[in-house]
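Only one structure is covered here, and it is reproduced in the block below.
The values are calculated or read from the model by the stated rules, or taken from the named source; none is laboratory data. On a predicted model such as this, the values are computed, not experimentally measured, just so you know. Note that we place each Cβ from the backbone using ideal geometry, even for glycine, and neighbour counts take in every protein chain shown.
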Amino acid sequence: MNRRDTLKALGLLAAGSAAVLANNSCDSKGNKTPALTDAADKMPGIQEFEYERTKQLYEETYFNEHEMATITVLADIIIPKDDKSPAASEVGVPEFIEFIVKDIPDHKLPMRGGLKWLDVYSLNNFKNVFINLKPEEQIAIVDEIAYPSKAKPEMAQGVNFFNRMRDLTASGFYTSKEGIADLGYVGNRPGVWTGVPPDILKEHGFLS
Amino acid sequence: MTSLQIIEDSTVYDAIVVGSGAGGGMAGYILANAGLKVLMLEAGPFFDPAKDALQLRWPYESPRRGASTTRPFGEFDAAFGGWQLEGEPYTTETGTEFDWFRARMLGGRTNHWGRISLRMGPDDFKPKDGLTDEWPFSYEEVKPFYDRVDRLVGIYGTVENLPNEPDGIFLKPPAPRLNEHYIMRGAEKSGVKVIPGRGAVLTEALPGNKDRGTCFYCGQCGRSCKVYGDFSSSSCLVIPAMKTGNLTVIDNAMVREVLTNDEGLATGVSYVNTKDLKEYSVKAKTIILGASACESARLMLNSKSKAHPGGVGNSTGLVGKYLHDSTGAGLGGFLPQLLDRKRYNEDGVGSVHVYSPWIQGNKKLDFARGYHIEYWGGMHMPSYGSHHGIQNYNNKVPRTDGMPQESGGYGAALKQDYRRFYGASVGMDGRGTAIARKENYCEIDPTKVDKFGIPILKFNYKWSNEEINQAKHMIDTFQEIMHNMGAVITSGIPGADTLYGLATPGKIIHEGGTTRMGNDPKTSVLNKWGQAHDCKNLYVVDAGPFVQQGDKNLTWTILALSMRSAEHILEQKNKLNS
């Protein structure tokens with residue numbers, strides 16, 4: 001089979017038009033991450049138990065409203081909107097975190113406990129729970145737990161929680177459509193690999 | 001259930017093949033194409049990559065974003081199964097370790113494997129160091145079969161004329177990625193040769209084959225290929241063999257026992273349907289086991305009869321012995337030269353673009369044999385976890401934005417760091433020879449059964465100094481290569497306390513040796529055709545027959561030897577008929 005037949009087999013070459021390939025032919029429509037709020041139809045290649053698991057997890061709720069609000073504030077402190085891409089909460093990161101802690105239950109206790117730790121610390125220092133603090137007060141606390149290399153030893157629990165919160169935020173954000181575009185990943189579509197572009201080889205000293 | 005009925009099929013097939021992976025698939029393909037009536041039994045469901053592959057799915061198409069909760073290599077990986085299967089446990093002897101990966105599906109583990117396709121060399125079949133037993137044949141005897149596998153399945157690579165790393169019949173290899181250019185430069189300074197990879201991916205149309213597409217460079221071979229652009233036993237052997245009309249596949253059929261008659265010859269197998277739990281028995285003139293090294297051994301040990309009190313093929317007591325996996329250890333980090341790199345599509349192929357064969361021999365080293373090196377890195381599709389742990393490395397290079405030189409962080413500066421480090425990762429893994437030892441084995445756990453009532457395996461495997469010293473050599477060498485290419489190591493450098501990062505036995509998923517071949521029926525289970533010494537119409541065609549694997553990933557050798565065994569079956573049949 002030649003390349004043209006290959007792409008036909010893949011269903012990507014509509015009647016004689018190769019132009020489809022120039023576009024994001026494998027992407028779902030639009031520029032936004034589709035919201036997944038229930039189990040999508042069972043597609044080929046998904047095992048029965050996987051489908052059932054996803055369905056069941058959607059039916060469960062782990063975080064309460066207050067916890068979700070706190071997660072949302074933290075996620076947007078970690079990944080705020082800038083000139084290149086939206087903030088974490090705009091691409092569904094809090095909802096992703098709600099799902100993934102149910103899917104990977106090892107996250108549950110450290111997340112719940114960490115959120116509580118944050119509120120108690122906020123209360124002791126600023127007399128209110130984290131989400132009710134002024135932005136500069138929130139940042140003052142985050143500054144104490146966001147940098148493992150300079151954080152005080154007594155903040156270790158907060159640092160650990162924030163590391164996890166940062167990881168989950170990054171996982172949710174950079175697997176979203178907007179996050180992938182922000183990173184500039186341009187693969188996952190049929191193409192031809194002929195090697196590193198010559199100008200880049202030159203820039204890195206592999207081509208004179 | 002008040003009665004348990006065994007449903008008997010009166011058909012006598014020419015052959016029954018148990019398992020549909022590389023070994024079973026090839027045997028079924030050869031025999032069905034030669035006109036034999038073949039029945040293939042697969043413990044898992046039917047799987048056709050054209051329809052069932054999760055290739056080209058984006059992470060946001062699933063709420064778990066590619067996490068490995070339901071599949072160990074991520075939810076889009078092709079393998080149904082994993083290290084633990086619901087209701088099908090295994091045990092390990094106290095103080096020993098083994099992790100057993102099973103894929104229950106048509107094509108087995110070939111649907112997701114790395115497609116790295118290396119021939120074993122002359123010294124692997126006839127070792128010069130005397131440390132392990134010779135195979136009952138030489139490389140020269142296997143070479144014609146390797147050649148035919150190359151032509152039938154397709155493999156890219158380059159002719160290099162290296163010692164003990166035989167060349168094949170190659171399609172063009174994929175060009176190196178940017179990080180691989182740095183690897184080649186760094187490795188060269190360390191005296192480690194890096195050559196184009198050898199992979200079972202169609203980088204060009206396969207001459208004479210109209211059913212398979214060519215690679216379109218998505219880099220996702222692990223998800224299996226919808227256009228059959230890489231080798232899976234399902235797409236390239238079993239499904240084509242079904243088209244001959246001579247191969248019948250029954251899926252969800254977990255084989256319980258090989259049935260034998262009073263003379264000790266195999267007459268068929270019994271199996272349980274894993275969906276409705278009904279019991280069946282089917283008959284054939286020849287039984288071929290390709291269920292995977294440990295699963296075939298388990299089946300033989302569980303097939304006890306008057307003629308075979310210790311299990312069929314096990315009159316020596318050697319079934320399950322000489323179990324060996326590959327060694328594995330690795331390092332990872334990033335290349336500062338690739339920070340803030342220009343973006344373009346470098347997905348490439350899903351197998352290796354470059355690798356380092358072991359060509360230095362092992363003189364003056366404190367371990368036997370050697371290992372090859374597989375490399376990784378670059379701009380890949382993000383998935384759950386791919387951006388975790390930035391606090392472990394984002395302070396390891398000077399900042400350019402005036403922010404404090406601290407690890408971790410948040411906000412605009414952190415967002416900039418994720419962009420900055422994207423695609424700068426680089427690393428390498430060694431895959432080496434682990435010595436096949438009688439003392440490392442699987443056996444039937446005397447007290448436990450799985451959910452079908454089939455006695456389960458118990459593993460007993462320990463690494464020796466040969467493997468531990470080899471892992472130390474890997475880590476020392478990898479540190480040097482990373483240093484010479486200017487990379488920063490972020491994975492940590494494993495030391496003696498962790499056996500230098502040496503992977504747990506089984507973890508590399510190259511297990512073999514459990515039904516080894518040999519000319520002497522007292523010291524081997526199978527003869528040189530893969531035929532049981534004590535049951536002439538029983539063959540094993542997975543990695544069980546391996547006397548000793550080299551540092552080469554074993555699939556290509558499984559394919560070549562299964563083809564050879566299948567043709568031996570045909571020759572025997574023709575002799576009877578003439």
Handout entry: Breaking point among (1) over 20 Å from residue B:422 (Cβ atoms); (2) more than 7 Å from chain B (Cβ to nearest Cβ); (3) modelled with pLDDT of 95 or more, for residue A:207
Key = (3)
Completion exercise
Over region B:121-146, the set of residues closer than 20 Å to residue B:371 by Cβ, hydrophobic (A, V, I, L, M, F, W, C) and assigned to a helix (DSSP H, G or I) is B:125
Practice task
Considering every residue within region B:234-248, establish whether at least one is modelled with pLDDT of 95 or more, in contact with a Gly (Cβ under 6 Å, 6 or more places away or on another chain) and of a type in the set (Gly, Ala, Ser).
Solution key: yes
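Test of understanding: among B:426, B:349, which residue is in contact with a Pro (Cβ under 6 Å, 6 or more places away or on another chain) and either within 14 Å of another protein chain (Cβ to nearest Cβ) or within 26 Å of residue A:76 (Cα to Cα) (or both)? Give the derivation first.
On the way: B:426 fails: in contact with a Pro (Cβ under 6 Å, 6 or more places away or on another chain).
Answer to the selection: B:349.
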Exercise for the section: Go over the candidates B:159, B:149 one by one and state the one that is β-branched (Val, Ile, Thr) and part of a loop (DSSP other than H, G, I, E, B). Expected result: B:159
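Residues to consider are B:157, B:197; find the one that is touching a Lys or Arg at 6+ places or on another chain (Cβ under 7 Å) and either within 14 Å of chain A (Cβ to nearest Cβ) or at pLDDT 95 or above (or both). Give the steps one after another, and end with the answer.
Numbers: B:197 fails: touching a Lys or Arg at 6+ places or on another chain (Cβ under 7 Å).
Sole residue among the options that is touching a Lys or Arg at 6+ places or on another chain (Cβ under 7 Å) and either within 14 Å of chain A (Cβ to nearest Cβ) or at pLDDT 95 or above (or both): B:157.
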Completion exercise
Apart from one, (1) more than 7 Å from chain A (Cβ to nearest Cβ); (2) more than 28 Å from the chain's Cα centre (by Cα) all hold for residue B:406; the odd one out is (1)
Handout entry: Verdict on residue B:187 being more than 21 Å from residue B:553 (Cα to Cα) and surrounded by 23 or more Cβ atoms within 10 Å (Cβ to Cβ)
Key = yes
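Does region B:375-395 hold any residues that are hydrophobic (A, V, I, L, M, F, W, C) and either crowded, with 19+ Cβ neighbours inside 10 Å or free of Cβ contacts under 8 Å to residues at least 12 places away in the same chain (or both), and which are they? Walk me through it before giving the result.
So in region B:375-395, the residues hydrophobic (A, V, I, L, M, F, W, C) come out as B:376, B:379, B:381, B:390.
Passing the criteria: B:379, B:381, B:390.
Can you say whether residue B:71 is over 25 Å from the mean Cα position of the chain (by Cα), part of a loop (DSSP other than H, G, I, E, B) and within 22 Å of residue B:219 (Cβ to Cβ), as far as the supplied structure shows? Explain how you work it out, then say what you get.
On the way: over 25 Å from the mean Cα position of the chain (by Cα): no; part of a loop (DSSP other than H, G, I, E, B): yes; within 22 Å of residue B:219 (Cβ to Cβ): yes.
No; evaluated as a whole, the condition is false for this residue.
Every residue, every condition in (1) modelled with pLDDT under 95; (2) outside any helix (DSSP H, G or I), yes or no:
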| residue | (1), (2) |
| --- | --- |
| B:3 | yes, yes |
| B:8 | yes, yes |
| B:11 | no, yes |
| B:14 | no, yes |
| B:23 | no, no |
| B:45 | no, yes |
| B:55 | no, yes |
Problem - Failed condition for residue B:275, given (1) touching a residue at least 40 places away in the same chain (Cβ under 8 Å); (2) surrounded by fewer than 23 Cβ atoms within 10 Å (Cβ to Cβ); (3) within 24 Å of residue B:451 (Cβ to Cβ) - result: (1)
Handout entry: Number of the exception - residue B:134 against (1) of a type outside the set (Gly, Ala, Ser); (2) within 27 Å of residue B:165 (Cα to Cα); (3) within 21 Å of the chain's Cα centre (by Cα)
Key = (3)
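Per-residue answers, yes or no, for (1) within 30 Å of residue B:312 (Cα to Cα); (2) free of Cβ contacts under 8 Å to residues at least 24 places away in the same chain; (3) surrounded by fewer than 24 Cβ atoms within 10 Å (Cβ to Cβ):
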{"residue": "B:481", "(1), (2), (3)": "no, no, no"}
{"residue": "B:493", "(1), (2), (3)": "no, no, yes"}
{"residue": "B:514", "(1), (2), (3)": "yes, no, no"}
{"residue": "B:522", "(1), (2), (3)": "yes, no, yes"}
{"residue": "B:528", "(1), (2), (3)": "yes, no, yes"}
Exercise for the section: Return a yes/no flag: does region A:180-198 have any residue that is more than 8 Å from chain B (Cβ to nearest Cβ), out of contact with any Asp or Glu (no Cβ under 7 Å at 6 or more places or on another chain) and buried (at least 18 other Cβ atoms within 10 Å of the Cβ). Expected result: no
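So is residue B:237 touching a helix residue (DSSP H, G or I) at 6+ places or on another chain (Cβ under 7 Å) and more than 14 Å from chain A (Cβ to nearest Cβ) or not?
yes
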Exercise for the section: Identify the residue in region A:154-171 that is facing chain B (nearest Cβ under 7 Å) and small (Gly, Ala, Ser) and, among all such residues, is nearest to residue B:393 (Cα to Cα). Expected result: A:170
Practice task
Could you tell me whether region B:419-432 includes any residue that is of a type outside the set (Asp, Glu), surrounded by fewer than 23 Cβ atoms within 10 Å (Cβ to Cβ) and over 20 Å from residue B:487 (Cβ atoms)?
Solution key: no
Exercise for the section: State yes or no: is residue B:27 within 23 Å of the chain's Cα centre (by Cα), surrounded by 19 or more Cβ atoms within 10 Å (Cβ to Cβ), modelled with pLDDT of 95 or more and farther than 21 Å from residue B:238 by Cβ? Expected result: no
Practice task
Taking residue A:131 as meeting all but one of (1) surrounded by 18 or more Cβ atoms within 10 Å (Cβ to Cβ); (2) touching a residue at least 12 places away in the same chain (Cβ under 8 Å); (3) of a type in the set (A, V, I, L, M); (4) within 17 Å of residue A:72 (Cβ to Cβ), write down the number of the exception.
Solution key: (1)
Fill in the blank from the handout: When restricted to B:306, B:321, B:364, the only residue free of Cβ contacts under 8 Å to residues at least 24 places away in the same chain and not small (Gly, Ala, Ser) is B:364
